[in-house]
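**Q** The structure follows.
The values are calculated or read from the model by the stated rules, or taken from the named source; none is laboratory data. Computed from a predicted structure; not experimentally measured. Neighbour counts are summed over all protein chains in view; Cβ atoms, including those assigned to glycine, are modelled from backbone coordinates with ideal geometry.
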Ligand code: DP6
């Protein structure tokens, strides 16, 4: 029996992807840029089974209907590409809180794409693997590569893929993941971004915002300017969340704890520490800091939020 195991790490977008111009193909309205993280990852094993249906396991339990349906849709796509009818057993282990805005769909679909590539002996290049992972979840496109990664929006299936900008960044960047709430989010990113695209009067501005931020970010990366990287990421994150506030009906992923952590980051910065924040489709915050300031920032976060689960993260590798 062929069994293929693949590990993929999550990524945090520093320039966010928020909106699809083609929902079926997962083509985004903008490019985006992320950092792959070492500490959070998904391991996926697949093998063929002699059964009438696929078998989908998540963290050693049969997956719920919503998760299974999303995975099966992806299995159907890969079967079609391979002219196959074979049923598959998928076993996923998430080393990341599922669906709490910590990008488990990014590592999840990247690992699944990598595992199926081996199972079907497709021998895809990393570029093509990123195109395949994209069909599962947009952010999964970027988790194929390590370090800093750019997702080129493209105009069709062939031209929308990720590219490594710097797989082994020689930059003292560190992140602190501050998890205040690991409940499933009420509005999935798929739904939230659709609502923003369809109803925010400011969505028309978003592609321009991203283009400007991306240009500045690429320059800041070339200059190893960590302060500027943090500032651009924070500004871009707020612009993304402003689209949600200005949707109709308006919504937000922020909770009271989110604002409290934001305030602490501002205090730390005023006191001279390198500290910026970025937030995805959930209440939890990632603090961008430096090797030099990591211990102090972590101590302050832990002292102010004793209940929070605080994890140190650094740049991580591509799939393996
Ligand atoms: C806020 O990749 O989860 O994390 O493509 O619909 O599966 P789908 O959405 P998903 O959205 C991620 C949104 C984000 C920003 C980002 O990762 O770029």
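**Q** Hey, which of the strands (runs of 3 or more DSSP E) in the stretch 1-104, taking only ones fully inside, have at least 1 residues that are touching a residue at least 60 places away in the same chain (Cβ under 8 Å), within 16 Å of the ligand (Cβ to nearest atom) and closer than 30 Å to residue 242 by Cα?
**A** Working: elements: 4-15, 20-22, 32-49, 55-58, 87-95.
Answer list for the stretch 1-104: 4-15, 20-22, 32-49.
**Q** Quick one: would you say residue 151 is modelled with pLDDT of 95 or more and touching a strand residue (DSSP E or B) at 6+ places or on another chain (Cβ under 7 Å)?
**A** On the way: modelled with pLDDT of 95 or more: yes; touching a strand residue (DSSP E or B) at 6+ places or on another chain (Cβ under 7 Å): yes.
Yes.
**Q** Another question, if that's okay. Return the residue satisfying two criteria in turn: it lies in the stretch 134-151 and is more than 10 Å from the ligand (Cβ to nearest atom) and in a loop (DSSP other than H, G, I, E, B), and of such residues it is nearest to residue 218 (Cα to Cα).
**A** Restricting attention to the stretch 134-151, the residues satisfying the condition of being more than 10 Å from the ligand (Cβ to nearest atom) are 144-150.
Then drop every residue that is not in a loop (DSSP other than H, G, I, E, B), which leaves 145-147.
On the way: 145: 17, 146: 16, 147: 13 Å.
So, considering only residues that are more than 10 Å from the ligand (Cβ to nearest atom) and in a loop (DSSP other than H, G, I, E, B), the one nearest to residue 218 (Cα to Cα) is 147.
**Q** Still on this model: Here is a check on your reading of the model: is residue 40 closer than 30 Å to residue 156 by Cβ and in contact with a helix residue (DSSP H, G or I) (Cβ under 8 Å, 6 or more places away or on another chain)?
**A** Details: closer than 30 Å to residue 156 by Cβ: no; in contact with a helix residue (DSSP H, G or I) (Cβ under 8 Å, 6 or more places away or on another chain): yes.
Considered against the rule, which asks whether it is closer than 30 Å to residue 156 by Cβ and in contact with a helix residue (DSSP H, G or I) (Cβ under 8 Å, 6 or more places away or on another chain), residue 40 comes out as no.
**Q** I've got another one for you. Quick check on my filter: what residues within the stretch 161-194 are surrounded by fewer than 19 Cβ atoms within 10 Å (Cβ to Cβ), within 13 Å of the ligand (Cβ to nearest atom) and outside any loop (DSSP other than H, G, I, E, B)?
**A** Of everything in the stretch 161-194, those that are surrounded by fewer than 19 Cβ atoms within 10 Å (Cβ to Cβ), within 13 Å of the ligand (Cβ to nearest atom) and outside any loop (DSSP other than H, G, I, E, B) turn out to be 190, 191, 194.
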